[in-house]
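Enquirer: Could you have a look at this structure, given as C-alpha cells, before my questions?
The values are calculated or read from the model by the stated rules, or taken from the named source; none is laboratory data. In this text, all values refer to a predicted model and were calculated from it rather than measured experimentally. In this analysis, Cβ positions are derived from the backbone assuming ideal geometry, glycine residues included, and neighbour counts consider all displayed protein chains.
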There are 4 protein chains.
Amino acid sequence: MIIVIKPHTSRAQIDEVIAEVQKLGYDPRPIFGTELTVIAAIGDETTHHRLESLNAMPQVEKVMAVQKRFKLVSRESHPGNSIIDVDGVKIGGGNFVLMAGPCSVESEEQLLSTAHAVKAAGATILRGGAFKPRTSPYEFQGLGSEGLRLLSLAKKETGLKIITEVLSERHVEEVCTHADILQIGARNAQNFQLLIECAKSGKPILLKRGLSQKIDEWLLGAEYILAHGNANVMFCERGIRTFETYTRNTLDLAAVAAVKKESHLPVIVDPSQGCGRADLVRAMCKGAVAMGADGLLIEVHPHPAEALSDGQQQVDFADFASLVKELQPFLQAVRQTV
Amino acid sequence: MIIVIKPHTSRAQIDEVIAEVQKLGYDPRPIFGTELTVIAAIGDETTHHRLESLNAMPQVEKVMAVQKRFKLVSRESHPGNSIIDVDGVKIGGGNFVLMAGPCSVESEEQLLSTAHAVKAAGATILRGGAFKPRTSPYEFQGLGSEGLRLLSLAKKETGLKIITEVLSERHVEEVCTHADILQIGARNAQNFQLLIECAKSGKPILLKRGLSQKIDEWLLGAEYILAHGNANVMFCERGIRTFETYTRNTLDLAAVAAVKKESHLPVIVDPSQGCGRADLVRAMCKGAVAMGADGLLIEVHPHPAEALSDGQQQVDFADFASLVKELQPFLQAVRQTV
Amino acid sequence: MIIVIKPHTSRAQIDEVIAEVQKLGYDPRPIFGTELTVIAAIGDETTHHRLESLNAMPQVEKVMAVQKRFKLVSRESHPGNSIIDVDGVKIGGGNFVLMAGPCSVESEEQLLSTAHAVKAAGATILRGGAFKPRTSPYEFQGLGSEGLRLLSLAKKETGLKIITEVLSERHVEEVCTHADILQIGARNAQNFQLLIECAKSGKPILLKRGLSQKIDEWLLGAEYILAHGNANVMFCERGIRTFETYTRNTLDLAAVAAVKKESHLPVIVDPSQGCGRADLVRAMCKGAVAMGADGLLIEVHPHPAEALSDGQQQVDFADFASLVKELQPFLQAVRQTV
Amino acid sequence: MIIVIKPHTSRAQIDEVIAEVQKLGYDPRPIFGTELTVIAAIGDETTHHRLESLNAMPQVEKVMAVQKRFKLVSRESHPGNSIIDVDGVKIGGGNFVLMAGPCSVESEEQLLSTAHAVKAAGATILRGGAFKPRTSPYEFQGLGSEGLRLLSLAKKETGLKIITEVLSERHVEEVCTHADILQIGARNAQNFQLLIECAKSGKPILLKRGLSQKIDEWLLGAEYILAHGNANVMFCERGIRTFETYTRNTLDLAAVAAVKKESHLPVIVDPSQGCGRADLVRAMCKGAVAMGADGLLIEVHPHPAEALSDGQQQVDFADFASLVKELQPFLQAVRQTV
C-alpha cells in the first residue's frame, strides 16, 4: 500500500501515520519528496488488514493499493490456459463451445424442438432457464422443478449437456441432479453465499459478470469459488449497464481480452443479454470470437415474438443455423493467429 | 403498450403485428400517422404477457410501455405516507429516525461503546454488520452468529432497536431472533429469493438500492416484498455506481424525492456508503434531510483508522455527536415547510 | 508518481525502468517489498512529463499519480473562500445568489415578464439562452444576437445582472457587451479554446460540469481559465450522465461539498438541468442549499408547456415564487451552522 | 409523439392536453384504454415544436417520441453504403482503411520515421495531433502550426493522406491546407459551431463519439454536418465512459453494428483511445474488424515510453507491423461473409 500524506503536514503527524501502519502489521517506508511525502507500507495486502481505513486520519490524502487482490484465478498461479471438462465437452485452451437454447424453458415441445435445432446447427450445450430472476413479481418466473425435468429429458433425447441458472442456495442440490453447468446470473454475481454453495457442489460454474461489476471485482467473485475448492469456473461477459439505451447493455468485449490476460480460466460471451436485440446478435458473435472468447451463450426460441421472456433478444432456428455457419471463417481466423 | 411500425411497411405486414397483438391477449388499435404507423395495445400490462417480444418481428421498430409496473408500493394504491412501526420506534410520515453504529460488529467493547455513544447523541436504532458481504474472500467476513449475540446484548444494555444485514435465505430465521429490522444490501437488491424469504418473516425490511438499479427496478424489488404479504418496507438510497471516482458511489439524492413521489413507503439515506469518505458524510446528511429523507443510516466507529471494514467512511463518536447537533436546524426547516 | 513493477521481474529490467524515470527528469527511489517492487519517482508531476507513458514498458504493472494536478483553483493556493463580484452582486463566501430565467430567450414579452417575475421573487441575476446548443439541427437554435439585445433590454428595465451561454470563440466579444457572466455549457466543458477565449475577456465565468466529467477534470477545466489570467470562476453542478432515466441527469450533490473542499471558488447548482423535471426542482433546490451551494440557477418560463426548449424542466412564476419562499428556512439553517 | 395521461384524470383535464397538442400544430388522437388514456399526436416531429414540454402539465405522466430524429444520415434517405473518397483513398462500402500514426506530432524525426513505418505496414492515412486537447493546462498542448507543417512534409515524403484534429473554428482554414480529413474529437462532439464550420469546408470529416454520447445523439451530431451541406462524414467509435477503470474507456463495439444499421456512412474504430492500453489494442482491432468496421485509427510511436502524450496506449513499429499481419485472416473472413 502507498499512503499519500497531505502537503504541509508536520513531522509529528507523519509519525502518527507511520505508527498506525506498524500497528496494523506492515513495515512502513517513508519517502520525502519535493512536494509530498508518501509512505510505502510493505506487507502482503491480501492477508493483512487493508489500509484504506487510514483515510480516516485527517493528515492522509489517499491510500493506494499496489497489489492485485486475486490469487488463485490469476495467471501467476497458473500460467497456462485452464480447460474445463464438462462431462467430455472441453472448454478453453483452444476448445470453442456453443451453448444455445431458450431464455426460459416454457414447455416440452418448445424445449425439445429447440434442443434438436441447436444440436443440428452445432451446439453441444443446451441452455434454458427453469428458475427465472425477473425484475417484476408479475412476470413469468419460470417452470421451476418442472423446467429442470424437461432439461433432463432434452439431455436424454439429444445428448446435449445442460446449463441452467441457480437462484437460491436451497436449489443447488436439485439443480445439480439435472445440470452439467451451474449458471450464476448477473444479479447474483456478488451473492457470495450462493457462490460458496455452488462451489461446494464441485460442478462446473459459469459466472456472469454483474451489471456494474468491475473486472477486478468479477475476478474476486471467481476467487471465492476457487478458494472454496472448485476450480471449474468459466467467466461470462454479458454486458454492463451504461448510459446507452440503444442496446439493453453495453457488451464490454475488451473484458474478454482483459480477463484472459489476468486469468487462466475460460471466458464465454453472451451476446443475447449483451445487446438485448436479436438484430445485433450475429455481429456481436463475430466480434466475440475475434476477441478470443472460448465460447458463446446464445438464446434461441422457436417463435421469439411469443416467448414468455426476452423474446426481443432471441433468434429463431433458421437465424441460429445461418449465424453458426457465418462464424466459421472467424473461428478459422482465430486458429490461424494463435 | 405502443408498438411502432417501421416506415414503408406494407399493410399485410402491419396486419401480422395486429394479429400477434390479439393472440397475446390485447386489443389492438392502429393509428396511421403521416410518417409512421403505431399500434396501441389496450390491456393491463402487468397481468398479461408483456409485448417487448414483438421487437423480434422485423417490421417492428420498437415497443414502448405506457403503464407503470409496480402497484402495491405506488401512491395510487395508498395515497398517504406509510409509517413503519419498529417495536415502538416510528419511521415515516414525519417521524425522522437516526440509525447508527459500526460497519461491522468487531468485539463486545467496540459495539457496546458505540451503542452508548450513538444513543447519547440521539440515535434510536443501532446498526452493525454480523454477516458481511466482502468483495474479496480474503477480507474480514464478519463475526456471524457471535456478532448477532453481541447485537442482542447491546439492545439489552441500551434499549436501541437493531438493524443488521441478511446475506442468505438460511440466515433469515436466526437473524430475526436478534434484529428488529432486516437489511437487504445493495449486492442482494435483486436476489429475489432472499427478498421473498425476508418478506415471509413479517419483520420490517430496509431495502438498499442496487449499485446500478434504476428507480423503477428498485420499486419493483419492494413490490416483491409487498406481494409476498409484508408491507413494512423502507427504501435506502446508498449511492449508485457511476464514472466518478472521487466518491465511492454517487449518492442520488433526487431518488429520495422521486421515490417519495411514486411510493408511500419511507426513504432512508446512507451517506457513509453513499460517498465512502468520512469527510463528506456531514454535508451529505444535511442534503438528505433537506430532500425529505425519513431517516439516516450512519456508520460510526470508536477508532475508524483501525476498523476491520470501511474505516475510511466511518465517523468517530465526537464527529457523530456534533453532526447530529448540526442537523437540528435542517430538521426544523423541513418541519416548517411541510 | 509511483511505478509498480510486475512480479518476477529481473533486476536488469527494473533498472531499465529506473533509467527511464531518470531520463524523463525524475529522481527514482526503488522500494523492494515482499511481493512487489515499486519505484517512487520524485519530482513535480505538474511541470514534468507525466510518467503514465511508462505503462508502455512490459515490466510495468501500473503507474499511479500521487499529486493533484490543479494548483491555482486549489485551497492550498488560496485557503479562504473567493468571492466573485458581478458588478456589485457578490457570490461566494456566505453570499448566496439566485439566478433565474427562461431556458431560451423567445420574445420580448416572454423575457421581460419573466425578468420582472423572478426579480419580484428575489433573484438578482437573469438567465436566458440566446445561442442554444441543441442535440438536433432541427430544434430551435435560439434567437442569437436578437436574444442578446433582449437580455440587455431586460437588464435596463429591471437592473438584474445577465448570465448567458457562449457557444463559440467568435461570439465572446459580442456576448461580453450584453452579459455580466459568461456561461460555458456542459457540452463545451472541455472546449479548451473557448475556455481560454472567455478567460481573456476578464468577465466572470460560470463553468458547467461536463456530462461525464470527473471532479478532478472539472477543476482542471477551471485551471485553464485561471492559468489564462481570470480568477472570476464559478463552478456549476448540473447533473452527470448515468444509467438512471427517471431523471434527465443525476445531480451529484456530493460534488458541491467535494469542490468546496478542494477549491476556493464558489459552486452553483442547476437543478433544472440536473433533474430535467419541474416536479423535482423544488426538492433539489433544498438539497443544494443544505449541501452548501453558493447559489442556484433555475429555469423559469411564463408557460412551460409551450416553451421552445426544455419546457418539462421549467417552473412557472407562481411555482418559482413559492419555491424561493420555501428555501428561506434552509438558507437560515445554513447560516446557523457555518 | 405519444402523450400518456395520469390515471384518474378527468375528461376536462384530458381535453386541456388535447387542446394544447392542437395548438402546437399536431393532430391529436386520444385512445381510452382500460387503465390509462394516451394521446397520439400525429405530425412530423422533426419539423414541429417537440412535445416534451407537455410534461410540464400536471396531468401528463410522460411523453414518448416515436419518430427518429435524424434524416440525412439515415439508411432510409440513402439505402446503400456511402463511400468516402479521400483524394483517391476510398473508405466504406467494402473499402477497409488503416489510419495510423503518433498521438501527437512531436518532431520531424518522430513523425517521418512513424510515417514510413506505418506505410510499410499497410496504412494509407497518417494520423498525428498538432493541436491537442489536454485535460490539464500544464500538459503538452501540441506543436500547433509547426505540427501541421510537419504533417504536410510527411505527406509529401510518403504519399500518405493526412488526418488531424481541429480544436477551434478559427483553425479550420489553416488545418484544411494541410489535412485530407478533419478529425473532430470526443470532447468537441457536441461543439456544434465547430461541426458547422468544418462542414462548410467541404473536407471529409471523422466525427468521434462523445465520451457519454448516446448513439442517437451521435447520429444527430453528424446530421448537423450533412444539414450544412457536407456528406463526407465518417463516424469513429473511441470508447465511452463507464464505471470500469481497467480500461481507459469502454469500447462499445455494438455501436459499430448499430450505426451501420441506422446509417449509410462508414464507421471507423479507434482501439487506442478505446481501451487506453497498448496491450489490448491488438485484440480490440480484431474485434472491430469482425464487427464490420470500415477502418481503424491506431496510435503508433517510435518509443511509446517517452511519448509526450498517451504513451501507454501507443504501439511501436514492430507491434504495429505484426498487428496488421494478424488482422489479415479476419479481414478475409469478413469478405467471405458479406
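Enquirer: Taking C:Lys90, is it assigned to a strand (DSSP E or B) and either of a type in the set (Gly, Ala, Ser) or closer than 30 Å to D:Gly276 by Cα (or both)?
Expert: Spelling it out, it is not the case that C:Lys90 is assigned to a strand (DSSP E or B) and either of a type in the set (Gly, Ala, Ser) or closer than 30 Å to D:Gly276 by Cα (or both).
Enquirer: While we're here: Would you mind finding the one in B:Leu194, B:Leu167 that is within 9 Å of chain A (Cβ to nearest Cβ), touching a helix residue (DSSP H, G or I) at 6+ places or on another chain (Cβ under 6 Å) and assigned to a helix (DSSP H, G or I)?
Expert: Values: B:Leu167 fails: assigned to a helix (DSSP H, G or I).
Only one candidate passes the filter, namely B:Leu194.
Enquirer: Something else now. If you take the residues in the range D:38-49 that are out of contact with any Ser or Thr (no Cβ under 9 Å at 6 or more places or on another chain) and under 29 Å from D:Ala227 (Cα atoms), which one is surrounded by the most Cβ atoms within 10 Å (Cβ to Cβ)?
Expert: Step one: filter the range D:38-49 for residues out of contact with any Ser or Thr (no Cβ under 9 Å at 6 or more places or on another chain), giving D:38-41, D:45, D:47-49.
With the extra rule that they be under 29 Å from D:Ala227 (Cα atoms), the set shrinks to D:40-41, D:45, D:47-49.
Details: D:Ala40: 22, D:Ala41: 25, D:Glu45: 22, D:Thr47: 9, D:His48: 14, D:His49: 19.
Taking the candidates together, the pick is D:Ala41.
Enquirer: Consider D:Gly185 carefully, then state whether it is among the small types (Gly, Ala, Ser) and more than 14 Å from chain C (Cβ to nearest Cβ).
Expert: Taking the combined requirement at face value, the residue does not satisfy it.
Enquirer: Is there a residue in the range D:79-97 that is of a type in the set (S, T, N, Q) and touching a Lys or Arg at 6+ places or on another chain (Cβ under 6 Å)? Even if it seems obvious, please write down each step before you answer.
Expert: Quick first cut of the range D:79-97, residues of a type in the set (S, T, N, Q) only: D:81-82, D:95.
Filter again for touching a Lys or Arg at 6+ places or on another chain (Cβ under 6 Å), leaving none.
There is no residue in the range D:79-97 that is of a type in the set (S, T, N, Q) and touching a Lys or Arg at 6+ places or on another chain (Cβ under 6 Å).
Enquirer: Please pick out the residue among D:Glu109, D:Glu174 that is within 14 Å of chain C (Cβ to nearest Cβ) and assigned to a helix (DSSP H, G or I).
Expert: D:Glu174
Enquirer: Still on this structure: Restricting attention to the range A:64-83, which residues are part of a strand (DSSP E or B) and at pLDDT 95 or above?
Expert: A:Ser74, the sole residue that qualifies.
Enquirer: Can you find a residue that is within 26 Å of the chain's Cα centre (by Cα) and either under 19 Å from C:Ala65 (Cβ atoms) or facing chain B (nearest Cβ under 8 Å) (or both) anywhere in the range A:41-49?
Expert: Applying the first criterion (within 26 Å of the chain's Cα centre (by Cα)) to the range A:41-49 yields A:45-47.
With either under 19 Å from C:Ala65 (Cβ atoms) or facing chain B (nearest Cβ under 8 Å) (or both) added as a condition, the list becomes A:46-47.
Looking for residues that are within 26 Å of the chain's Cα centre (by Cα) and either under 19 Å from C:Ala65 (Cβ atoms) or facing chain B (nearest Cβ under 8 Å) (or both), one finds at least one in the range A:41-49, hence yes.
Enquirer: Sort out which residues of the range A:10-37 are within 12 Å of chain C (Cβ to nearest Cβ), surrounded by 12 or more Cβ atoms within 10 Å (Cβ to Cβ) and among the polar types (S, T, N, Q), and write them in order of number.
Expert: A:Thr37
Enquirer: Here is a further query. Which residue pairs have Cβ atoms closer than 6 Å, lie 6 or more positions apart in sequence or on different chains, and pair a first residue in the range B:310-323 that is on the phi > 0 side of the Ramachandran plot and acidic (Asp, Glu) with a second residue that is buried (at least 17 other Cβ atoms within 10 Å of the Cβ) and in a loop (DSSP other than H, G, I, E, B)?
Expert: Here the result reads B:Asp310/B:Cys103, each pair linking the range B:310-323 to a residue that is buried (at least 17 other Cβ atoms within 10 Å of the Cβ) and in a loop (DSSP other than H, G, I, E, B).
Enquirer: Another one. Is there a residue in the range A:321-331 that is farther than 20 Å from D:Thr242 by Cβ and within 11 Å of chain B (Cβ to nearest Cβ)? Talk me through it step by step, then tell me what you get.
Expert: Going residue by residue through the range A:321-331, those that are farther than 20 Å from D:Thr242 by Cβ are A:321-331.
Restricting the remaining residues to those that are within 11 Å of chain B (Cβ to nearest Cβ) gives none.
No - not one qualifying residue is present in the range A:321-331.
Enquirer: Return the total of residues in the range C:278-328 being crowded, with 21+ Cβ neighbours inside 10 Å, of a type in the set (D, E, K, R), modelled with pLDDT of 95 or more and not in a helix (DSSP H, G or I).
Expert: Residues flagged as crowded, with 21+ Cβ neighbours inside 10 Å, of a type in the set (D, E, K, R), modelled with pLDDT of 95 or more and not in a helix (DSSP H, G or I) within the range C:278-328 amount to 2.
Enquirer: In addition: Find the residue count for the range A:98-139, including only residues that are modelled with pLDDT under 95 and at positive phi.
Expert: The qualifying residues number 0.
Enquirer: Just a yes or no: is a residue in the range B:138-159 closer than 29 Å to B:Ala257 by Cβ and aliphatic (A, V, I, L, M)?
Expert: no
Enquirer: Can you confirm whether the range B:78-94 contains a residue that is within 11 Å of chain A (Cβ to nearest Cβ) and more than 18 Å from the chain's Cα centre (by Cα)? Talk me through it step by step, then tell me what you get.
Expert: First, pick out the residues of the range B:78-94 that are within 11 Å of chain A (Cβ to nearest Cβ): none.
No - not one qualifying residue is present in the range B:78-94.
Enquirer: Right, another one. So how many residues does the range A:227-248 have that are of a type outside the set (S, T, N, Q) and either part of a loop (DSSP other than H, G, I, E, B) or surrounded by fewer than 24 Cβ atoms within 10 Å (Cβ to Cβ) (or both)?
Expert: Number of matching residues: 11.
Enquirer: Scan the range B:100-141 for residues that are surrounded by fewer than 24 Cβ atoms within 10 Å (Cβ to Cβ), in contact (Cβ under 8 Å) with a residue 24 or more places away in the chain and within 27 Å of A:Val73 (Cα to Cα) and report the count.
Expert: Qualifying residue count, the range B:100-141: 5.
Enquirer: Restrict the check to the range B:146-157 and report whether at least one residue is modelled with pLDDT of 95 or more, assigned to a helix (DSSP H, G or I) and within 14 Å of another protein chain (Cβ to nearest Cβ).
Expert: No, the range B:146-157 has no match at all.
Enquirer: Also, I was wondering about something else. Name, by its number, the condition in (1) within 18 Å of the chain's Cα centre (by Cα); (2) more than 7 Å from every other protein chain (Cβ to nearest Cβ) that does not hold for A:Met291.
Expert: Looking at each condition in turn, A:Met291 falls short on (2).
Enquirer: Within the set of pairs 6 or more residues apart or between chains, which connect a residue that is aliphatic (A, V, I, L, M) inside the range D:27-39 to a residue that is modelled with pLDDT under 95 and not in a strand (DSSP E or B) with Cβ atoms less than 7 Å apart?
Expert: Here the result reads D:Leu36/B:Val66; D:Leu36/B:Gln67; D:Leu36/D:Pro7; D:Val38/B:Val66; D:Ile39/D:Val21, each pair linking the range D:27-39 to a residue that is modelled with pLDDT under 95 and not in a strand (DSSP E or B).
Enquirer: Name the single residue, out of those in the range D:233-248 being within 13 Å of the chain's Cα centre (by Cα) and of a type outside the set (A, V, I, L, M, F, W, C), that is nearest to the other protein chains (Cβ to nearest Cβ).
Expert: The extreme case among them is D:Gly239.
Enquirer: Moving on to the next point. State whether one or more residues within the range D:169-182 are in contact with a Gly (Cβ under 8 Å, 6 or more places away or on another chain) and either buried (at least 21 other Cβ atoms within 10 Å of the Cβ) or at negative phi (or both).
Expert: No, the conditions are met nowhere in the range D:169-182.
Enquirer: Give just the number: which of (1) farther than 20 Å from B:Pro30 by Cβ; (2) part of a loop (DSSP other than H, G, I, E, B); (3) among the hydrophobic types (A, V, I, L, M, F, W, C) does D:Leu54 not satisfy?
Expert: Result: D:Leu54 passes all but (2).
Enquirer: Next up: Looking at (1) touching a residue at least 24 places away in the same chain (Cβ under 8 Å); (2) at negative phi; (3) acidic (Asp, Glu), can you tell me which one B:Asp44 breaks?
Expert: (1)
Enquirer: If you don't mind, another one. So A:Lys208 clears everything in (1) touching a residue at least 60 places away in the same chain (Cβ under 8 Å); (2) more than 10 Å from chain B (Cβ to nearest Cβ); (3) surrounded by fewer than 24 Cβ atoms within 10 Å (Cβ to Cβ) except one condition, right? Which one?
Expert: (3)
Enquirer: With the condition kept exactly as written, say whether any residue in the range C:249-264 is in a strand (DSSP E or B) and either free of Cβ contacts under 8 Å to residues at least 40 places away in the same chain or within 14 Å of chain B (Cβ to nearest Cβ) (or both).
Expert: Yes; the residues of the range C:249-264 include at least one that is in a strand (DSSP E or B) and either free of Cβ contacts under 8 Å to residues at least 40 places away in the same chain or within 14 Å of chain B (Cβ to nearest Cβ) (or both).
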